[in-house]
Amino acid sequence: MTVLGLSGLAGPGLAGCTTSSPDATPATKRPAAPVTTPPPPPPDPDLPVLSAAVESERHLLSLYTAALERLPDLRDDLEEFVRRHEEHLAALTALVGPEVDATAAGLATTAPSTTPPSRSETLAALVAAEKAAVTDRDKDLRAVQGADHARLLAVIGACEATHVVALDELVEKL
């Protein structure tokens with residue numbers, strides 16, 4: 001007998017093999033348990049602090065943009081500050097999303113400011129804004145709960161503190 005012959009003999013016999021007997025009745029169907037979706041996670045408690053930092057970075061960028069429009073001869077000196085604030089904004093936005101609204105987060109927004117007309121007043125306004133940002137980041141560090149958030153805010157605050165020193169040096173140089 002060939003292998004094919006054996007498989008032909010075994011085929012019909014195996015086809016009848018089942019785990020239930022022909023007399024067995026189908027299992028009683030139970031109703032499916034109701035599907036419940038888990039509640040959404042609670043909002044990040046650091047969201048208001050991070051949102052305020054986003055608004056602060058946007059404000060600083062607007063001041064630098066206005067300063068560059070007013071003092072194009074300082075472009076080489078100020079572009080590095082702009083680049084760093086853009087990096088800060090990108091890092092913060094990655095945490096909270098691009099559509100952050102400080103008002104929706106329960107924060108007061110800063111009214112847009114105009115750049116003062118003279119060179120010295122423009123640079124003084126940038127120094128004052130950077131100093132205010134350093135103070136704000138220090139307050140943020142006292143309020144924030146997440147370690148990663150605190151680390152990012154500390155790095156941003158330290159960078160803004162170096163901006164104050166660098167801008168003061170620029171003022172002295174000019």
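Averaging the Cα positions of each part gives two centres, and for region 113-174 and region 37-69 these lie 15 Å apart. The Cβ shell under 12 Å around Leu174 holds other residues with a net charge of -3, Lys and Arg each +1, Asp and Glu each -1. Here the spin labels are modelled as points 7 Å beyond Cα on the Cα-Cβ line, and at Thr37 and Ala147 they lie 3.3 nm apart.
For region 47-173, the Cα gyration tensor yields ellipsoid semi-axes of 25, 15, 12 Å (square root of five times each eigenvalue, largest first, whole Å).
Any read-out appearing in this document is the output of simple, stated calculations on the displayed coordinates, not a laboratory observation. Fair warning: this is a prediction, and the values are worked out from it, not measured in the lab. Here Cβ is always computed from backbone atoms with ideal geometry, including for glycine, and neighbour counts include all displayed protein chains.
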